[in-house]
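Asks: Quick one: the structure is below, and I'll ask about it shortly.
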Amino acid sequence: MNSTHRYAELLHDDDQGIARGAELLRGGCLVAFPTETVYGLGADARDDRAVARIYAAKNRPAFNPLIVHLATPGAAATYAHLDDNAERLAAAFWPGPLTLVLPLRRNAGLSELVTAGNASVALRVPAHPLAVRLLAAAGIPVAAPSANPSGRVSPTEAAHVTAWLGDRVDAVIDGGACAVGVESTIVSLDGTPALLRPGGLPVEAIEDCLGARLPRPADPALPQAPGQLASHYAPRARLRTNAVQPDAGEVFIGFGHTMFPAALNLSVNGDLVEAAANLFRHLRQADDLAGPDGRIAVAPVPLHGLGLAINDRLRRASAPRG
Ligand code: TXA
Ligand code: MG
């Protein structure tokens, strides 16, 4: 099926929508679907051509590997080798906003485009009921990056996906707004345990489970996921972080109580979970308010719990553009 000149089918959160989405996935099509973190752009992870279409739709650099989404934790062993740490984290946090990078099981049938030729594979079992039903109905491993054009903020509503990728995907399943709002936390267990990306599962919870401290992203020693480009998640407007007060002409995004009026506030009560859920939507709205040559200033957000992921995304959004 060639979707280049066709608009995406809009599917609903019902048996019919899920059956149709599963059928399209099995047929090598691209289906965007909600997870608890952000919307994913899914394709059959065993099908080279379908996976290649993900890269094309996103304009994604081909060296950047994809996360494989599974319906159940039990399916992970089909594709990867799980050591004790992996078993422990999977038992504690799957389904949920955690991605594990694990040694790839050869001959498991995954497209090499998914792993980008690496000897490791990133696996995740999402918790969103619609995602779980879709994956179970499809009965296949589904490669799914966030459903945004490369370098843009991740979509947390179906309308974001259709606005940007509507003419490049075969279907979008509408499951409403994503509860977590930032991408999954990525931990590598391919070698020494390492945090590759802070995300929707607080790193402190992972450390408690492993009984060991993981190096933080600010640590120079930290290995980076291949996709962690410095400038990423970027709104159009220039963005300044840790702003105690806005400069003239800046759209101010607050956090908690602010001394200066804020156009938008990530969480008036200073709740980091609420702030994560609002982050990408507020960046989009601030971008609209700021206009073509506009500027955005964001108030300081604490560096613990989900604040680590929020600061990581803000730092990338504010990085000099390439
Ligand atoms: O919450 C999420 O994780 C969302 C939803 C849709 O599940 N997905 C997502 O995927 O954020 P994506 O492709 O936007 O980010 C995946 C990250 C990239 O930075 C990529 O480089 C890294 O995972 N990654 C994937 N496979 C890897 C591997 N084998 N080794 C190291 N990093 C890997
Ligand atoms: Mg992404």
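Asks: Scan around THR99 for amide H atoms under 5 Å from its own, H built in the peptide plane at 1.01 Å from N, and keep only partners 5 or more places away or cross-chain.
Replies: Here THR185, ILE186, VAL187 satisfy the definition.
Asks: Moving to a separate point now. Take each of the peptides 268-281, 32-45, 137-150, 200-213, average the number of other beta-carbon atoms within 10 Å over its residues, and list them starting from the highest.
Replies: The peptides rank, most packed first, as 32-45, 137-150, 268-281, 200-213.
Asks: Next question. Give me GLU9, GLU250 sorted ascending by neighbouring Cβ count inside 10 Å, so fewest comes first.
Replies: GLU9, GLU250
Asks: Based on DSSP H runs of at least 4 residues, each adding -39500 (n - 2.57), what is the mean residue ellipticity at 222 nm of the chain after dividing by all its residues, to the nearest 500 deg cm²/dmol? Let's see the in-between values first.
Replies: On the way: 10 runs with 98 residues, N = 322.
Value at 222 nm, helices only, nearest 500: -9000 deg cm²/dmol.
Asks: Projected onto the charge dipole of the chain (+1 at Lys/Arg Cβ, -1 at Asp/Glu Cβ, origin at the Cα centre), which of GLY307, PHE252, TYR39 gives the Cα projection farthest towards the positive end?
Replies: Of the options given, the answer is PHE252.
Asks: Based on the mean of other Cβ atoms within 10 Å per residue, sort peptides 251-260, 95-104 so the most packed one is first.
Replies: 95-104, 251-260
Asks: Oh, and also: Mind jotting down the distance between the C-alpha centroids of the range 280-322 and the range 27-64, whole Å?
Replies: So the two Cα centres are separated by 26 Å.
Asks: Additional query: How long is the gain from VAL244 to ALA159 if the chain were fully straight, where each residue apart is worth 0.36 nm and the alpha carbon distance is subtracted?
Replies: This chain segment gains 27.4 nm when fully extended.
Asks: Sticking with this structure for a sec: GLU207 to ALA77: FRET efficiency via 1/(1 + (r/R0)^6), r the Cβ-Cβ distance, R0 35 Å, to the nearest 0.05?
Replies: 0.90
Asks: Continuing with this model, one more query. Just the Cα atoms of the range 37-148: what Rg and Dmax do they give in Å?
Replies: 12.9, 37
Asks: Another question, if that's okay. Which trypsin sites (Lys or Arg not before Pro) in the range 56-110 sit in a loop by DSSP (not H, G, I, E or B) and have at most 13 other Cβ atoms within 10 Å of their own Cβ? The partial results should precede the final answer.
Replies: Numbers: sites: LYS58, ARG88, ARG105, ARG106; in loops: ARG105, ARG106.
Those that pass, being in a loop and sparsely packed, are ARG106.
Asks: Given the chain, report the % of alpha carbon pairs whose separation exceeds 38 Å.
Replies: I get 11 percent for the Cα pairs in the chain exceeding 38 Å.
Asks: For the range 236-257 and the range 86-159, what is the centre-to-centre distance using only Cα atoms, to the nearest Å?
Replies: Spelled out, the Cα-based centre of one part sits 34 Å from the other.
Asks: How large is the Kirkwood hydrodynamic radius of the range 87-158, in angstrom, based on all distinct alpha carbon pairs?
Replies: 14.0
All of the numbers you see were taken from the coordinates with simple rules; none came from a lab. These figures come from a predicted structure and were not determined experimentally. Neighbour counts run over all protein chains shown; Cβ positions are idealised from the backbone, glycine included.
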